[in-house]
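Structure, as structure tokens:
Nothing in this text is a laboratory measurement; each read-out follows from the coordinates by a stated rule. Note that this is a predicted model, so its numbers are computed, not measured. Every residue, glycine among them, receives a Cβ derived from its backbone with ideal geometry; neighbour counts consider all protein chains shown.
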Amino acid sequence: MARRLALLAVASAVLGGGAWYLLSGSGPDFPGEAALEHVRAVVACGERQPESAGSRCAREKILSALRAGGVEAEEKSYKMRTPMPDPQTGAPREITFTNVVARVKGKSDATIAWGTHYDTPAITGQTIVGANDGASGIGVLIELAKRLQGSSPAMTHVFLFLDGEEKLGDLPWNHQIGDLTANACFGSRAQAQEWARENRLPRAFVLLDMIGDADLQILWETQYATVSLKNPFERAAREQGLDGYFFKYQMAVNDDHAPFAHYDVPTIDLIDFRYGPPHPERGGGAYWHSADDTMDKLSAKSLAIVGAVCWAAIPLLEKKFL
């Protein structure tokens with residue numbers, strides 16, 4: 001009861017009496033099972049490389065779920081130069097990458113952006129359906145957007161379901177904006193560049209990636225994440241007794257938050273990179289980028305934990321950036 005009253009006091013102070021952000025009960029009050037069903041629907045689309053049937057299927061599932069919850073959503077496509085050679089001409093091949101963009105209008109036009117990716121890597125000899133990497137974030141962001149819809153948040157929240165995070169072919173992974181050999185983060189680079197041109201960059205960008213692992217251990221990302229963004233999520237986790245799942249180890253991770261950091265947008269990457277037993281030759285755990293990245297490795301509880309912490313962090317983020 002003391003914790004519940006403390007949370008009520010925090011929410012009332014931040015929102016001027018409105019407590020719509022609050023959790024209820026003793027555990028994370030976030031629909032983890034519903035989030036898991038969204039993940040399952042996207043995984044059923046199979047592999048999701050850009051321009052593929054699986055990619056189109058995933059976008060349809062995402063759009064349908066968002067619109068069913070009353071959330072405004074649309075596709076946004078970008079034709080981008082890649083370092084992959086065209087098989088006929090040998091020239092750098094252009095590929096169309098398509099993001100799904102959802103928006104929940106707030107009292108202010110000032111924006112917080114949330115992101116996750118839906119594509120899967122193409123690795124010779126393996127069929128990878130990407131249950132954790134990256135369908136897990138989709139489930140949480142859909143349910144987060146649905147909860148925000150109609151709740152009059154202080155700021156506008158944009159939800160990006162990003163295409164082309166994974167590298168193409170056997171060429172090196174490179175996310176650098178302006179580099180002609182860039183070979184990753186296509187959807188996030190295109191979105192960040194467009195918003196920069198239009199002077200519409202968000203006040204902050206929160207990325208969710210690989211957050212469904214049943215053995216949840218969200219790391220603190222050290223290369224592009226902004227230290228000032230750590231506190232709202234630490235506090236939100238601590239006040240719900242969920243801090244044991246967050247920021248107990250750290251490492252540098254290249255991910256879809258990097259293009260936003262390039263434009264000095266404060267960013268954070270909520271990611272669990274210890275996915276499966278340690279791999280003898282690479283980081284990320286044995287399930288990462290493998291055919292073992294399947295639904296049976298995921299947990300509705302993990303999705304509920306991450307969703308609940310994101311939900312509780314919203315008033316703290318709005319107070320900080322509005």
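For Arg48, the residues whose modelled amide H falls within less than 5 Å of its own, excluding neighbours fewer than 5 places apart on the same chain, are Thr120.
Summarising the label geometry, the points placed 7 Å from Cα in the beta-carbon direction at Arg235 and Gln250 lie 2.0 nm from one another. Amide H contacts of Gly115 (H built 1.01 Å from N, in plane; Pro and chain starts excluded): Leu160, Val206, Leu207, Leu208 sit under 5 Å, all sequence-distant by 5 or more or on other chains.
Mean residue ellipticity, 222 nm, helices only, the chain: the sum of -39500 (n - 2.57) across DSSP H runs of n ≥ 4, divided by residue count and rounded to 500, is -10500 deg cm²/dmol. Derived scalar couplings between HN and Hα for region 133-147 equal 10, x, 6, 4, x, 4, x, 5, 5, 4, 5, 5, 4, 4, 5 Hz in order, rounded to whole Hz, by the Karplus curve 6.51 cos²θ - 1.76 cosθ + 1.60 (θ = phi - 60°), x for Gly and Pro. Within the same chain, lysines fewer than 8 places from Lys105 are excluded, and of the rest, those with a Cα less than 20 Å from its Cα are Lys76, Lys146, Lys319, Lys320. Using a cutoff of 8 angstrom between alpha carbon atoms and counting only pairs six or more residues apart, the relative contact order for the chain works out to 22 percent. The Stokes-Einstein estimate for the chain, based on a Kirkwood radius over Cα pairs and taken at 20 °C with 1.002 mPa s viscosity, is a diffusion coefficient of 109 µm²/s. Hey, got a sec? Which trypsin sites (Lys or Arg not before Pro) in region 221-322 land in a DSSP loop and have at most 10 other Cβ atoms within 10 Å? Counting only loop positions with at most 10 other Cβ atoms within 10 Å, the trypsin sites (Lys or Arg not before Pro) in region 221-322 are Arg282. Could you derive backbone 3J(HN,Hα) for region 210-220 from the dihedral phi with the Karplus parameters 6.51, -1.76 and 1.60 (θ = phi - 60°), listing whole Hz in sequence and x where the residue is Gly or Pro? Whole-Hz 3J(HN,Hα) from phi for region 210-220: 6, 10, x, 3, 4, 9, 6, 8, 6, 8, 9. Within the chain, DSSP assigns beta bridges of which about 45% are antiparallel (rounded to the nearest 5). In order along region 178-192, phi translates into HN-Hα couplings of x, 8, 5, 9, 4, 9, 5, 6, 5, x, 6, 5, 4, 5, 5 Hz, rounded to whole numbers, per the Karplus curve 6.51 cos²θ - 1.76 cosθ + 1.60 with θ = phi - 60° and x for Gly and Pro.
Distance from the alpha carbon centroid of region 237-263 to that of region 137-195 works out to 16 angstrom. Helix 300-321 and the longest principal axis of the C-alpha atoms of the chain enclose an angle of approximately 70°.
For the chain, the longest principal axis of the C-alpha atoms and the axis of helix 32-43 are separated by about 10°. Here is the short version for the chain: Cys185, Cys310 have no other Cys C-beta closer than 4.7 Å.
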